[in-house]
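Below is one structure, written out as structure tokens; the observations come after it.
What follows draws every value from the coordinates through simple rules; no lab data is involved. Owing to the predicted nature of the structure, the values given are computational and were not obtained by experimental measurement. Ideal geometry is used to build each Cβ from the backbone, glycine not excepted, and the neighbour counts take in all protein chains shown.
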Ligand SMILES: Cc1cc2nc3c(=O)[nH]c(=O)nc-3n(C[C@H](O)[C@H](O)[C@H](O)COP(=O)(O)O)c2cc1C
Ligand code: SF4
Ligand code: FES
């Protein structure tokens with residue numbers, strides 16, 4: 001198998017096992033660890049997670065595909081996740097999206113990010129960027145490069 | 001308008017999220033009172049205060065706590081719902097990032113009352129920044145010896161609106177897809193790996209310390225007879241100062257919007273308003289003028305208070321576009337277990353898309369209502385019925401706009 005959890009993650013897994021009534025509960029935490037470790041979740045990682053969670057690989061895979069935040073393939077460009085739900089739409093998410101087109105990023109439409117009071121918003125990796133304007137978007141992308 | 005800060009009292013303080021600041025300003029004071037009461041007595045206080053669940057449904061918290069066994073050979077658990085994915089809702093995030101110790105204190109009291117030794121906080125995956133603030137607070141609480149009798153573990157979701165539904169949340173916590181479970185016929189607790197479990201919203205649990213410290217009557221001094229207390233109401237959309245502002249139930253809707261929100265953006269007129277997350281039926285401006293912010297008033301007009309997160313739309317908003325936007329959300333988020341929901345959310349989205357593209361006919365509006373009717377009351381969870389309610393509310397109030405778009 002070509003995927004192995006890092007030493008740090010293995011320790012985390014052991015510690016987490018004590019905090020749950022069943023190892024099955026570790027499925028989501030393990031998927032997150034794999035996602036961070038490799039940048040996506042490979043089929044080998046699914047196999048590996050299956051051994052820690054006492055869950056068949058197919059079931060781990062079914063779970064991984066249910067949740068929109070997991071990537072099952074390597075990501076080549078920056079994923080810019082633009083919220084397109086109502087409050088953001090009312091506050092100009094279309095303009096933000098138009099501005100992003102043609103830039104060297106992967107635009108992903110996502111549903112409400114829980115930042116409706118500071119719309120329009122987008123998320124890159126784990127950071128939410130609020131009160132967006134086209135100028136602000138340029139600044140953010142410049143800093144990320 | 002009476003200012004009332006029960007949950008938001010420490011929000012404005014500098015470094016309010018640290019144990020030091022929180023403690024200097026009254027955090028963990030209610031814990032000292034705990035010893036004077038038995039677990040069952042704490043439940044009585046919560047029942048007496050008529051605390052209602054703040055995650056959207058408004059169910060009495062006391063009755064839910066009472067379902068938890070006081071004697072059992074299985075361990076009991078608390079699952080705190082911080083999935084907060086209902087569009088228009090962003091209040092729980094204020095609590096966990098501005099006053100996480102309030103939530104921790106509420107968890108400790110709740111776990112004492114229901115005899116749980118472990119609480120999980122299920123947080124939506126997108127809230128990672130806020131999760132880190134919350135985790136730091138939990139770590140501080142561990143170091144300070146506050147978590148000797150009860151553990152707290154954050155469980156991170158990964159992007160699925162439906163995991164906010166309480167049984168889907170527990171399925172997700174069990175390492176499965178977030179599929180809602182069939183409802184039992186009789187009243188019983190929720191189950192986590194077969195163990196009795198209480199699911200409450202972050203804000204519900206964060207209201208508990210105030211009640212235990214000040215008594216049920218102090219809480220009931222706010223709000224109305226049937227909806228006592230306060231809620232972290234919120235505004236987004238076409239309003240000058242969007243945000244989260246705590247107010248008591250029964251407050252006039254427009255007064256709230258004008259007082260805290262500074263009125264409709266750019267001096268425009270209000271056209272429509274969704275009272276508490278997109279799953280609540282839409283209202284027109286006339287209705288909004290007359291309404292108060294409580295469960296009963298909104299139910300009276302065929303809508304609901306939901307989470308109290310209002311989405312405000314000005315006179316220039318196209319209601320067909322707004323409905324299309326909401327239906328895209330539902331189509332994306334249906335968990336797919338029930339055919340009327342999985343297929344229906346796609347059909348209604350397409351039908352409204354057709355009307356929006358000026359390819360529709362009158363028959364399509366009727367068809368839309370027909371499909372909505374098929375989705376209502378025939379599914380595992382209330383997701384699909386909510387979609388039906390939303391569609392009917394839009395057509396009922398703005399039919400002329402839908403016909404005008406044909
Ligand atoms: C589709 C759906 C989504 C829900 N999303 C949430 C949510 O994000 N947060 C929440 O607290 N409750 C949500 N709920 C309500 C929960 O099922 C549950 O009633 C609530 O967490 C109980 O807590 P409370 O009584 O303290 O409000 C949702 C319900 C449904 C049907
Ligand atoms: S109504 Fe929809 S969201 Fe609810 S269980 Fe059925 S398919 Fe899933
Ligand atoms: S609608 Fe975009 S964050 Fe809520």
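Observations on the model:
- Exactly one residue among B:356, B:406 is surrounded by fewer than 19 Cβ atoms within 10 Å (Cβ to Cβ), more than 16 Å from ligand 3 (Cβ to nearest atom) and closer than 25 Å to residue A:91 by Cα, and that residue is B:356.
- Under the condition of being within 14 Å of chain A (Cβ to nearest Cβ) and closer than 21 Å to residue B:58 by Cβ, the residues counted in region B:191-213 number 4.
- Residue ID - surrounded by the fewest Cβ atoms within 10 Å (Cβ to Cβ), chosen from residues in region A:89-99 that are closer than 14 Å to residue A:130 by Cβ and out of contact with any helix residue (DSSP H, G or I) (no Cβ under 7 Å at 6 or more places or on another chain): A:92
- Among the residues of this structure, residue B:125 counts as one that is within 20 Å of the chain's Cα centre (by Cα), closer than 21 Å to residue B:178 by Cα and surrounded by fewer than 24 Cβ atoms within 10 Å (Cβ to Cβ).
- Residue match in region A:54-61 (condition: touching a strand residue (DSSP E or B) at 6+ places or on another chain (Cβ under 6 Å) and either surrounded by fewer than 22 Cβ atoms within 10 Å (Cβ to Cβ) or farther than 25 Å from residue B:171 by Cα (or both)): no
- Residue in region B:130-153 that is under 28 Å from residue B:335 (Cβ atoms), surrounded by 24 or more Cβ atoms within 10 Å (Cβ to Cβ) and within 16 Å of ligand 3 (Cβ to nearest atom) present: yes
- Counted residues, region B:341-384 - those being within 14 Å of chain A (Cβ to nearest Cβ) and within 15 Å of ligand 1 (Cβ to nearest atom): 3
- So residue B:377, is it under 27 Å from the mean Cα position of the chain (by Cα) and at positive phi: yes
- Test for residue B:162: is it in a strand (DSSP E or B), within 14 Å of chain A (Cβ to nearest Cβ), crowded, with 23+ Cβ neighbours inside 10 Å and in contact with a helix residue (DSSP H, G or I) (Cβ under 7 Å, 6 or more places away or on another chain): no
- Selection from region A:71-96 of residues that are out of contact with any strand residue (DSSP E or B) (no Cβ under 7 Å at 6 or more places or on another chain) and within 16 Å of ligand 1 (Cβ to nearest atom): A:85
- Residues in region B:295-329 that are more than 27 Å from residue B:344 (Cβ to Cβ), within 17 Å of the chain's Cα centre (by Cα) and buried (at least 24 other Cβ atoms within 10 Å of the Cβ): B:308 alone.
- The conditions of being within 16 Å of ligand 3 (Cβ to nearest atom) and either closer than 30 Å to residue B:387 by Cβ or crowded, with 24+ Cβ neighbours inside 10 Å (or both) are met by residue B:89.
- Conditions (1) farther than 19 Å from residue B:160 by Cα; (2) more than 7 Å from every other protein chain (Cβ to nearest Cβ): number failed by residue A:59: (1)
- The residues listed here are A:108, A:127, A:80, A:121; of these, the one that is in contact (Cβ under 8 Å) with a residue 24 or more places away in the chain, surrounded by fewer than 19 Cβ atoms within 10 Å (Cβ to Cβ) and within 15 Å of ligand 3 (Cβ to nearest atom) is A:108.
- Residue B:177 within 9 Å of chain A (Cβ to nearest Cβ), within 30 Å of residue B:26 (Cα to Cα) and touching a helix residue (DSSP H, G or I) at 6+ places or on another chain (Cβ under 7 Å): no
- Residues of region B:84-125 that are touching a strand residue (DSSP E or B) at 6+ places or on another chain (Cβ under 6 Å) and more than 14 Å from chain A (Cβ to nearest Cβ): B:107, B:110, B:111, B:114, B:115.
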